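Colleague: Before I ask anything, here is the structure I am working with.
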Amino acid sequence: MKSTQTHKVGQVHPISLYLKAWLLLFILSACSYMVDYMQVQGYLRWALILFFMVMKAGLILAVFMHLNWERFAVKLLLFIPPIAILIFITLMNIEASYVFINRYL
Amino acid sequence: MNNNHNSNEKKGWQSAVSDWSNDRTVFDMPWPKFMMWVFLLSDTFIFGIFLTAYMSVRMSTVDAWPNSSDVFALTIAGEHVPLVLIAIMTFILITSSGTMALAVNFAYQGDKRKAGYLIFITALFGIAFVGMQAFEWSKLIFEEGVRPWSNPLGAAQFGATFFMITGFHGLHVSAGVIYLLVVAKRVHAGDYDKKGYHMVEIAGLYWHFVDLVWVFIFAFFYLW
């Protein structure tokens, strides 16, 4: 895996790598569908859904979008700003619970 | 092109510091590709905020949220199969991502014919996805009576967030189909022989991103 040659020759990897990623995405999607089909509920459902989601997203980003072979500066550019979204989600989570309690009372 | 990022002498944070502090372009990639990454980052924010809005309304509503597993179920051969339409849509989108990845690979290998056809097939999968979404929407609108402002199945917010999020994603897929068809035509015509085949990789980045967003929508909207 020649990470430094991206600019010169583009991303050339063996086809088998893509086929493996593809197969894995199929399996992971089938697994997350099975979570619903088997009617897994509660925290286990949450844990499984999030686990399969993160695995799939990671696979798409790393292999299909070639992030695995990009320089660290690019990864930082893409992963640091979304932390703002996570903070926002946390804030809205607190806000939503507050609104719910007020409506419920 | 001048490749002044010297091999693997620095890794991790040190490499980032040296990339930023040297007297040259920071990001070692063609400009159009970098611009696509910036665009996708901005799109991440839009989808992130849509999904956050959905989380807030779903958490704060006192009405029952419709069971998405049942709402998106189909009766196939007399049997009630939950969420089957969404599962098929998911597999179609993943398959299209696979064909696109292969197209990028063949483009870089210089196999224009295969690359062009694979991009075209990717676009066809995209059309299939949008078609199924149209079916899903019309079922929800005409049979269930769901509207952006009301919902006979439960919480009214369901309609608002559903049409907003899946609509915006469907818009991305539709735009992507047009984009891919243009790229496929240009690959066939040999327009990228001078420009370089990273243009195909850039189209691929967009398409994989659409697939990536669907992973989150699938998890948070349909499975939750």
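Colleague: Using the crude model of +1 on Lys and Arg Cβ and -1 on Asp and Glu Cβ, and no other charge, please compute the dipole size for the range B:54-165 relative to its Cα centre, in debye to 20. Write out the running numbers ahead of the final one.
Modeller: Details: 6 positive and 7 negative charges, 106 e Å.
I would put it at about 520 debye.
Colleague: Once you've got the GNM for chain B with C-alpha springs shorter than 10 Å, pick whichever of B:His80, B:His188, B:His172 has the biggest mean-square fluctuation.
Modeller: Its mean-square fluctuation being the largest, the pick is B:His80.
Colleague: Also, I was wondering about something else. Name the residues of the range B:92-139 whose accessible area falls by at least 30 Å² when all protein chains are present instead of the chain alone, probe 1.4 Å?
Modeller: Those residues are B:Ile94, B:Thr95, B:Gly98, B:Ala101, B:Leu102, B:Asn105, B:Tyr108.
Colleague: Using only DSSP helix segments of four residues or longer, with each worth -39500 (n - 2.57), what per-residue ellipticity at 222 nm results for chain A after dividing by its residue count and rounding to 500? List each step's numbers first, then the result.
Modeller: Numbers: 5 runs with 76 residues, N = 105.
Theoretical 222 nm ellipticity from helices: -24000 deg cm²/dmol.
Colleague: Hey, can you grab everything whose amide H is under 5 Å from the amide H of B:Leu74? Only 5+ residues off in sequence or another chain; H modelled, so Pro and N-termini drop out.
Modeller: HN-HN under 5 Å from B:Leu74: B:Val81, B:Leu83, B:Val84, B:Leu85.
Colleague: What's the buried accessible area, both sides, between A and B using a 1.4 Å probe, rounded to 100 Å²? Walk me through the numbers on the way to the answer.
Modeller: Numbers: alone 8930 and 12560 Å², together 15870 Å².
Buried area between the two chains comes out at roughly 5600 Å².
Colleague: Determine the calculated [θ] at 222 nm for chain B from helices alone, applying -39500 (n - 2.57) to every DSSP H run no shorter than 4 residues and normalising by the residue count; nearest 500 deg cm²/dmol. Spell out each step's value before the answer.
Modeller: On the way: 8 runs with 154 residues, N = 224.
Value at 222 nm, helices only: -23500 deg cm²/dmol.
Colleague: Taking chain A as a Gaussian network, Cα atoms linked when under 10 Å apart, which of A:Leu44, A:Leu67, A:Leu28 shows the biggest mean-square fluctuation?
Modeller: Looking only at A:Leu44, A:Leu67, A:Leu28, the largest GNM fluctuation is found for A:Leu44.
Colleague: So for the pair A:Trp46, B:Ser21, with labels modelled 7 Å out along Cα→Cβ, what separation do we get in nm?
Modeller: 4.4 nm
Colleague: Quote the relative contact order of the range B:104-224 in percent (integer), defining contacts as alpha-carbon pairs under 8 Å separated by 6+ residues.
Modeller: RCO, the range B:104-224: 32 percent.
Colleague: Continuing with the same structure: Less than 14 Å apart at the alpha-carbon level, and either on another chain or at least 8 residues along: which aspartates and glutamates does that give for B:Lys10?
Modeller: Hits, sequence-local ones excluded: A:Glu70, B:Asp19.
Colleague: From the square roots a ≥ b ≥ c of the eigenvalues of the alpha-carbon gyration tensor of the range B:1-155, which class results: rounded (a/c under 1.5), prolate (a/b over b/c), or oblate? List each step's numbers first, then the result.
Modeller: On the way: a/c = 3.37, a/b = 1.72, b/c = 1.96.
Note, shape of the range B:1-155 comes out oblate.
Colleague: While we're looking at this one, here's another question. Rounded, prolate or oblate: pick one for chain A, where a ≥ b ≥ c are the square roots of the eigenvalues of its C-alpha gyration tensor, a/c under 1.5 means rounded, and failing that, prolate if a/b is larger than b/c, else oblate.
Modeller: Working: a/c = 5.26, a/b = 1.56, b/c = 3.37.
Oblate, since a/c reaches 1.5 and b/c is not below a/b.
Colleague: What residue among B:Ala64, B:Ala128, B:Ala107 shows peak mean-square fluctuation when chain B is described by a Gaussian network model with Cα springs under 10 Å?
Modeller: Comparing B:Ala64, B:Ala128, B:Ala107 in the GNM, the peak value goes to B:Ala64.
Colleague: When a/c is below 1.5 the answer is rounded, else prolate if a/b is larger than b/c, else oblate, so apply that to the range B:90-214 with a ≥ b ≥ c taken from the square roots of the Cα gyration tensor eigenvalues.
Modeller: Prolate, since a/c reaches 1.5 and a/b exceeds b/c.
Colleague: I'd like the orientation of helix B:112-138 relative to chain B: the angle between its Cα long axis and the longest Cα principal axis, in ° from 0 to 90, rounded to 10.
Modeller: 20 degrees
Colleague: Here is a further query. Report, ordered by chain and residue number, the lysines lying within cross-link reach of A:Lys56, taken as a straight Cα distance under 27 Å and ignoring same-chain residues fewer than 8 apart.
Modeller: Counting by Cα, and skipping residues close in sequence, A:Lys56 has these lysines nearby: A:Lys2, A:Lys20, A:Lys75, B:Lys11, B:Lys33, B:Lys114.
Colleague: Can you give me the relative contact order of the range B:49-97 as a percent, contacts being Cα pairs under 8 Å and 6 or more apart? Can you show the working numbers first?
Modeller: Details: 25 pairs, mean separation 10.4, N = 49.
Reported as a whole number, the value is 21 percent.
Colleague: Here's a follow-up. Only helices at least 20 Å long along their axis, Cα-based, and averaging 1.0 or more on Kyte-Doolittle count here, so list those DSSP H runs from chain A. Please report the intermediate quantities before stating the final value.
Modeller: Working: long enough: A:15-37 (33 Å, 1.40); A:42-59 (26 Å, 1.42); A:82-104 (32 Å, 1.27).
In chain A, the long hydrophobic H runs are A:15-37, A:42-59, A:82-104.
Colleague: Next question, about the same structure. Hey, got the dipole for the protein assembly as shown? About the Cα centre, +1 on K and R Cβ, -1 on D and E Cβ, debye to the nearest 20? Present the calculation step by step, with values, prior to reporting the outcome.
Modeller: Details: 22 positive and 19 negative charges, 178 e Å.
In debye, rounded to 20, the protein assembly as shown gives about 860.
Colleague: Moving on. Which is farthest toward the positive dipole end of the range B:136-224 among B:Tyr179, B:Leu212, B:Ile141, measuring Cα position about the Cα centre, with Cβ charges +1 (Lys, Arg) and -1 (Asp, Glu)?
Modeller: B:Tyr179
Colleague: Per residue, how much accessible area does the protein assembly as shown show when a 1.4 Å probe rolls over the protein heavy atoms, in square angstrom?
Modeller: Normalised by residue count, the accessible surface of the protein assembly as shown is 48 Å².
Colleague: What is the percent carbon and sulfur in the accessible area of chain B, measuring with a 1.4 Å probe over the protein chains and ignoring ligands?
Modeller: On the way: 6260 of 9750 Å².
Looking at chain B in its full context, I get 64 percent from C and S.
The values are calculated or read from the model by the stated rules, or taken from the named source; none is laboratory data. The structure presented is a predicted model; accordingly, all values stated were derived computationally and were not measured. A quick note on method: Cβ atoms are made from the backbone with ideal geometry, for glycine too, and the neighbour counts reach across all protein chains shown. Just the protein is used for accessible areas: all its heavy atoms, side chains included, with ligands, DNA and RNA removed. Shrake-Rupley method; radii C 1.70, N 1.55, O 1.52, S 1.80 Å.
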